[in-house]
Amino acid sequence: MRVETFRVSTSGQMSLPAAARRRWNLDQGGPVEVMDLGFGVLTVPAGEARRPLDEVLPAEDHYAAVAADDDPDLATT
């Protein structure tokens, strides 16, 4: 994994590095998904947003954590 620093323009635009565009078949452009994690954002190719979350916290662990929480807003998730 490589971490790079990029500048966001005043209109909110940012360029995705060429190596990442090639790896994710975005050479000609295409949709991406951006997840606001509260402490930062994660940009992934469209359709891949659940993948990093599933790898970090498998669904069954997530469901168990939600079920164990007393937060009524989470009771329906």
How many residues are modelled with pLDDT of 85 or more and either surrounded by 11 or more Cβ atoms within 10 Å (Cβ to Cβ) or touching a Cys at 6+ places or on another chain (Cβ under 9 Å) (or both) when one looks only at region 46-65? 1
Residue satisfying all of: in region 18-33; part of a loop (DSSP other than H, G, I, E, B) and either in contact with a Gly (Cβ under 9 Å, 6 or more places away or on another chain) or modelled with pLDDT under 85 (or both); surrounded by the fewest Cβ atoms within 10 Å (Cβ to Cβ) among these: PRO31
Restricting to region 1-19, count the residues that are without any contact (Cβ under 8 Å) to a residue 12 or more places away in the chain and in contact with an Asp or Glu (Cβ under 9 Å, 6 or more places away or on another chain). 1
Do you know which residues across region 3-13 are more than 16 Å from the chain's Cα centre (by Cα) and of a type outside the set (Ser, Thr, Tyr)? GLU4, PHE6, ARG7, VAL8, GLY12, GLN13
With the first residue restricted to region 34-53 and required to be on the phi < 0 side of the Ramachandran plot, and the second required to be part of a loop (DSSP other than H, G, I, E, B) and among the aromatic types (Phe, Trp, Tyr), Cβ contacts under 9 Å at 6 or more apart or on different chains are VAL44/TRP24; PRO45/TRP24; GLU48/TRP24
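The values are calculated or read from the model by the stated rules, or taken from the named source; none is laboratory data. Computed from a predicted model, the values in this text were never measured in an experiment. Don't worry about glycine lacking a Cβ; one is built from the backbone with ideal geometry, like all the others, and counts go over all protein chains shown.
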